[in-house]
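Structure record follows, encoded as structure tokens.
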Amino acid sequence: MKHFKSDYFTYIDDQLHCEKVNLSQLTEEFGTPLFVYSKNFFIDRFKELDDAFKLINHKIYFASKANFNLSVIKTFYEQGSGVDVNSAGEFYRAIKAGVNPKDILLTGVGKTDEEIALGLEKGVFVIKAESLEEVYVINDIAEELNIIAPLAIRVNPDVDAQTHPYISTGLAENKFGIDSVYAYDMFVECSKLSNIELVGIDMHIGSQITKIEPFIEATLKMAELFKKIKATGIPLKHFDIGGGIGVLYNDETPFSPKELAEKLIPIFMQLDAQIMFEPGRFLTANGGVLLTNVLYTKTNSVGKNFIVVDSSMTELLRPSLYKSYHHVQPIENIDNIDFEADIVGPVCETGDYIAKQREITMVGRGDKLAIMSAGAYGMAMSSNYNGRRRPAEILVDGSEYKVIRSRETFRHLIFDEEALL
Ligand code: LLP
């Protein structure tokens, strides 16, 4: 069967390794399901993007919603990344990872007053607003706190990102940002408010974008707007193009940071601004795998095969939610024929599956599989549904490895309910 192409997850003597660590050994030591991440993948991906734009003034803010483990955030922070957070909870995680609030962007289409106040009090670098009403609320809260809020406005450029409709965010019909038709007037209006400093313009057109054209189209639109706003005397400093860079899961042909830079740098050169990026998936997706154990196999009367594994939609929701493809391969390069099977989890939902009608080496009870590309929106979207305990997470660095989150215990499941009986 075909194996996922990766320099960080490779077979050495027919055993799948993450960098120099044998994954089979990790499953023996820590059990399954188990998330394993490659630290050097994270670092190399960060450097690749950072280097591509080295000609211009820019900063990367890791979108921690993709993978919010403290050690993962810290890894990027140590490389010089800032952090993009979407809630007070993600803010808390970033702070706990050692991130200075000055390196944090506070994003989100529906921030509560509590979240806005927290961000302003702690001194985030930029707070973003997605409606005029929200700008007024931010201004009021800043006034109460007697501070000036560094504000960016997220504009919806009305561009089709050509990705899954659930993760497309830059069309006028989507809930995100300010309609580009109203944006100019809104900047002018907001510049009159007493407790706001308008520092930037922001966009994020969607996620898992594999075509470069939507990025160029949206950036051009926003660049025109940026210039028009600056011409009124509003001294905007930042131009944030959001996240969304797509990656390889199956047979996509994503563009590289270098290709993106070639197209966008000439546009950025015309702006006197710091360029910001908020990638999540690009930095983490292919730096992680979810290891799982085959519990049972069965064949139904119409010849359909099932491989029942111990991972499910509670650890990796993406297939159930978006019909996403994740490559699955045995962690031992078993010499056996391929067959077609649905790979399904133990959760009591028909929609709970990892892969459908998938060609895979014939495996049996006790064999271990690697679900690839699980470093983004895997653990971060996990749940306790069906009373499932979240898996442990391991960070590999060369031949070293470290538990960066332990497997949840039964106690996590009940939190304080027992005391409240
Ligand atoms: N900035 C903003 C404002 C965002 O909303 C997002 C993602 C990002 C940055 C990072 O986007 P990325 O570089 O990772 O594409 N759960 C979905 C993805 C949802 C993305 C939501 N926003 C999935 O598993 O595909």
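The values are calculated or read from the model by the stated rules, or taken from the named source; none is laboratory data. Bear in mind the structure is a predicted one, so any value in this text is a computation, not a measurement. Reconstructed Cβ throughout: ideal geometry from the backbone, glycine too, with neighbour counts over all protein chains shown. Keep in mind that these areas ignore ligands, DNA and RNA; they rest on the heavy atoms of the full protein, side chains included. Shrake-Rupley method; radii C 1.70, N 1.55, O 1.52, S 1.80 Å.
Just name the residue that is farthest from Lys128 (Cα to Cα) out of those in segment 244-290 that are outside any helix (DSSP H, G or I) and aromatic (Phe, Trp, Tyr). Give the derivation first.
So the first thing to find is which residues in segment 244-290 are outside any helix (DSSP H, G or I), and the list is 244-256, 270-280, 288-290.
Filter once more, so that each one left must be aromatic (Phe, Trp, Tyr): 249, 255, 277.
Numbers: Tyr249: 31, Phe255: 28, Phe277: 14 Å.
Out of the qualifying residues, it is Tyr249.
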Residue list for segment 360-388, filter: over 27 Å from Phe41 (Cα atoms) and of a type in the set (D, E, K, R): Arg365, Arg388
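Kindly evaluate Ile307 against the criterion of being modelled with pLDDT of 95 or more and not aromatic (Phe, Trp, Tyr). So that I can check it myself, show each step before the final result.
Values: modelled with pLDDT of 95 or more: yes; not aromatic (Phe, Trp, Tyr): yes.
Yes, satisfied.
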Glu197 being more than 21 Å from Ala152 (Cα to Cα), surrounded by fewer than 22 Cβ atoms within 10 Å (Cβ to Cβ) and away from the ligand (no atom under 14 Å from the Cβ): no
Please list, ordered by first then second residue, the pairs with beta carbon atoms under 6 Å, 6 or more apart or interchain, first in segment 125-148 and under 11 Å from Ile196 (Cβ atoms), second of a type in the set (D, E, K, R). Ile148/Glu197
Quick check on my filter: what residues within segment 148-173 are buried (at least 24 other Cβ atoms within 10 Å of the Cβ), in a loop (DSSP other than H, G, I, E, B), within 12 Å of the ligand (Cβ to nearest atom) and modelled with pLDDT of 80 or more? Ala161
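Answer yes if at least one residue in segment 271-284 is out of contact with any Gly (no Cβ under 8 Å at 6 or more places or on another chain) and open to solvent by 30 Å² or more (accessible area, probe 1.4 Å), and no otherwise.
The initial filter retains those residues of segment 271-284 that are out of contact with any Gly (no Cβ under 8 Å at 6 or more places or on another chain), namely 271-272, 274-275, 283.
From the residues that got through so far, the ones that are open to solvent by 30 Å² or more (accessible area, probe 1.4 Å) too are 272, 274.
The answer is yes; a qualifying residue exists.
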Determine, yes or no, whether Val21 is among the β-branched types (Val, Ile, Thr) and either within 13 Å of the ligand (Cβ to nearest atom) or without any contact (Cβ under 8 Å) to a residue 40 or more places away in the chain (or both). no
Does Phe125 satisfy being out of contact with any Gly (no Cβ under 8 Å at 6 or more places or on another chain), among the aromatic types (Phe, Trp, Tyr) and within 16 Å of the ligand (Cβ to nearest atom)? no
Which numbered condition Phe226 misses (of (1) outside any helix (DSSP H, G or I); (2) open to solvent by less than 20 Å² (accessible area, probe 1.4 Å)): (1)
Taking strands (runs of 3 or more DSSP E) that do not extend beyond segment 310-418, which have at least 1 residues that are open to solvent by 40 Å² or more (accessible area, probe 1.4 Å) and farther than 30 Å from Phe62 by Cα? 338-344, 353-361, 368-371
What is the one condition in (1) within 14 Å of the ligand (Cβ to nearest atom); (2) touching a helix residue (DSSP H, G or I) at 6+ places or on another chain (Cβ under 9 Å) that Lys96 does not satisfy? (1)
Matching residues, segment 272-310, being touching a strand residue (DSSP E or B) at 6+ places or on another chain (Cβ under 7 Å), among the acidic types (Asp, Glu) and either away from the ligand (no atom under 16 Å from the Cβ) or closer than 19 Å to Met362 by Cβ (or both): Asp310
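A quick yes/no check of all residues on (1) over 23 Å from Phe42 (Cα atoms); (2) assigned by TED's automatic domain parsing to the domain that holds Leu16; (3) open to solvent by less than 20 Å² (accessible area, probe 1.4 Å):
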site: Ile201; (1), (2), (3): yes, no, yes
site: Gln208; (1), (2), (3): no, no, no
site: Glu217; (1), (2), (3): yes, no, no
site: Leu236; (1), (2), (3): yes, no, yes
site: Thr292; (1), (2), (3): no, yes, yes
site: Gly303; (1), (2), (3): yes, yes, no
Picking from Ile241, Ile212, which residue would you name as being within 16 Å of the ligand (Cβ to nearest atom) and open to solvent by 10 Å² or more (accessible area, probe 1.4 Å)? Ile212
Check segment 213-236 and report whether any residue there is free of Cβ contacts under 8 Å to residues at least 40 places away in the same chain, out of contact with any Pro (no Cβ under 6 Å at 6 or more places or on another chain), at positive phi and not charged (D, E, K, R). yes
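Taking Val137, is it open to solvent by less than 60 Å² (accessible area, probe 1.4 Å) and not assigned by TED's automatic domain parsing to the domain that holds Asp202?
Values: open to solvent by less than 60 Å² (accessible area, probe 1.4 Å): yes; not assigned by TED's automatic domain parsing to the domain that holds Asp202: no.
No.
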Among the residues of segment 41-74, which ones are within 14 Å of Ala97 (Cα to Cα) and away from the ligand (no atom under 16 Å from the Cβ)? Leu70, Ser71, Lys74
Please indicate, with yes or no, whether at least one residue in segment 45-57 is under 21 Å from Met379 (Cα atoms), surrounded by fewer than 22 Cβ atoms within 10 Å (Cβ to Cβ) and touching a strand residue (DSSP E or B) at 6+ places or on another chain (Cβ under 6 Å). no
